[in-house]
Amino acid sequence: MNALHQYISSAMSSSVLYKCTHQRSFIFLNIKNQTAVSKLFSTSRCHQKIIPKNLKGMKKSSQMWLKRQLNDPYVEKAKMEHLRCRSAFKLLEIEDKHKLFKPGDIVIDCGAAPGSWSQVAVERVNATRTDLNSPQGVVISIDLDYIAPLVGANILDKSDFTHENTQNEVLHILDGRKADIVLSDMAPKASGVKFMDHDLIIGLCFSVLKFSVGVLKEGGIVLCKLWQGSDQTKLEGVMENMFNKTRVIKPPASRSQSAEVFLLGQGFRGIKQPN
Ligand SMILES: C[S@@+](CC[C@H](N)C(=O)[O-])C[C@H]1O[C@@H](n2cnc3c(N)ncnc32)[C@H](O)[C@@H]1O
């Protein structure tokens, strides 16, 4: 854990949470500094800004990141709802609007660490059979990084999705079944050079589409993240050929300053057999 993470953890653990009568609103009091850091927590309102102290020695970019994290209602909300990170809300907002999951679905989650999208998928597809009257789904979670165990998910961590071995492991878990949904929140390590980072993420998106052609059910769904740039239209064009409907989505939880958008393809047309 680096200094920045320790700072945030201690800032958050020194806060006491009081639940208000209003279901979605909370008041946080920071008792460590005895400063009245009182906030009304909803994802749309933030009444008083938290101004972090002791930032000396931190890089400007780290200071900005810390300020943003401490004042981000989605970060707080993720903590309260035991979600592994704020990204969960991007998927939940897309799910609310476009209805991706149903119980019994098979989901492949690429770039799954730390695991918040997989948490959402496990719950929505009934992967732990919490609802005995609905079919049980399957979630396969893949990442280069470590993913902490998650009940209901088949974890392939420390694995590069673009490698043949990893894709074979996914096929092994599928055991001849086809997937309903392929998700990709994969993000390469950003260099800061926009066009290069765009190229890298586009490469990941194409590897997701290529893999999906072989594993998706007819009618299936792909949701993949990209950073906008010159090849977006090319990617959209490929998706328009593969799916009945393709959309570009910027969910409210995705920061407006970020170049991130999501491409959603619904209604996989399947592979046309040559005559
Ligand atoms: C934004 S995070 C994903 C957050 C995740 N959706 C969640 O909700 O917890 C992006 C992840 O993509 C992973 N990633 C990037 N390239 C990858 C690759 N080639 N194969 C597998 N994972 C990759 C990174 O390791 C990183 O954990």
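Go through (1) part of a helix (DSSP H, G or I); (2) more than 16 Å from the ligand (Cβ to nearest atom); (3) charged (D, E, K, R) one by one and return the number of the condition LYS245 breaks. Of (1) part of a helix (DSSP H, G or I); (2) more than 16 Å from the ligand (Cβ to nearest atom); (3) charged (D, E, K, R), only one is false for LYS245: (1).
Pairing residues of region 181-195 that are at negative phi with residues that are among the aliphatic types (A, V, I, L, M) and near the ligand (Cβ under 8 Å from one of its atoms), at Cβ distances under 6 Å and at least 6 apart in sequence or on separate chains, gives MET186/LEU204. Looking across region 144-163, the residues that are closer than 15 Å to CYS85 by Cα and buried (at least 20 other Cβ atoms within 10 Å of the Cβ) come down to ILE147, LEU150.
Report whether or not ASP197 is closer than 18 Å to LEU235 by Cβ, away from the ligand (no atom under 11 Å from the Cβ) and surrounded by 13 or more Cβ atoms within 10 Å (Cβ to Cβ). Judged against the criteria, ASP197 is a match.
Here region 164-191 is the region considered, the condition is being small (Gly, Ala, Ser) and under 22 Å from LEU83 (Cβ atoms), and the residue that is nearest to the ligand (Cβ to nearest atom) is ALA187.
Assess whether LEU226 counts as being within 16 Å of the ligand (Cβ to nearest atom), among the aliphatic types (A, V, I, L, M) and either within 30 Å of TYR74 (Cβ to Cβ) or surrounded by fewer than 20 Cβ atoms within 10 Å (Cβ to Cβ) (or both). For LEU226, the condition - within 16 Å of the ligand (Cβ to nearest atom), among the aliphatic types (A, V, I, L, M) and either within 30 Å of TYR74 (Cβ to Cβ) or surrounded by fewer than 20 Cβ atoms within 10 Å (Cβ to Cβ) (or both) - is met.
Of the helices (runs of 4 or more DSSP H) lying entirely inside region 59-113, those containing at least 3 residues that are closer than 24 Å to VAL182 by Cα are 88-98. In the set PHE211, PHE161, only one residue is within 16 Å of the ligand (Cβ to nearest atom) and either within 21 Å of ALA88 (Cα to Cα) or among the charged types (D, E, K, R) (or both); that residue is PHE161.
Okay, residues lined up against (1) of a type in the set (Lys, Arg); (2) touching a His at 6+ places or on another chain (Cβ under 9 Å); (3) within 13 Å of the ligand (Cβ to nearest atom); (4) at pLDDT 95 or above:
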{"site": "LEU91", "(1), (2), (3), (4)": "no, no, yes, yes"}
{"site": "LYS97", "(1), (2), (3), (4)": "yes, no, no, yes"}
{"site": "ASP105", "(1), (2), (3), (4)": "no, no, no, yes"}
{"site": "ALA113", "(1), (2), (3), (4)": "no, no, yes, yes"}
{"site": "SER116", "(1), (2), (3), (4)": "no, no, yes, yes"}
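Within region 99-126, residues that are farther than 19 Å from ALA78 by Cα and among the acidic types (Asp, Glu) sit with their Cβ atoms under 7 Å from residues that are in a loop (DSSP other than H, G, I, E, B) and more than 14 Å from the ligand (Cβ to nearest atom), at 6+ positions apart or across chains, in these pairs: ASP105/VAL125; ASP105/GLY137.
The values are calculated or read from the model by the stated rules, or taken from the named source; none is laboratory data. Note that the structure is predicted; figures quoted are calculated from it, not measured. Using ideal geometry, Cβ is built from the backbone for each residue, glycine included, and neighbour counts are taken over all protein chains shown.
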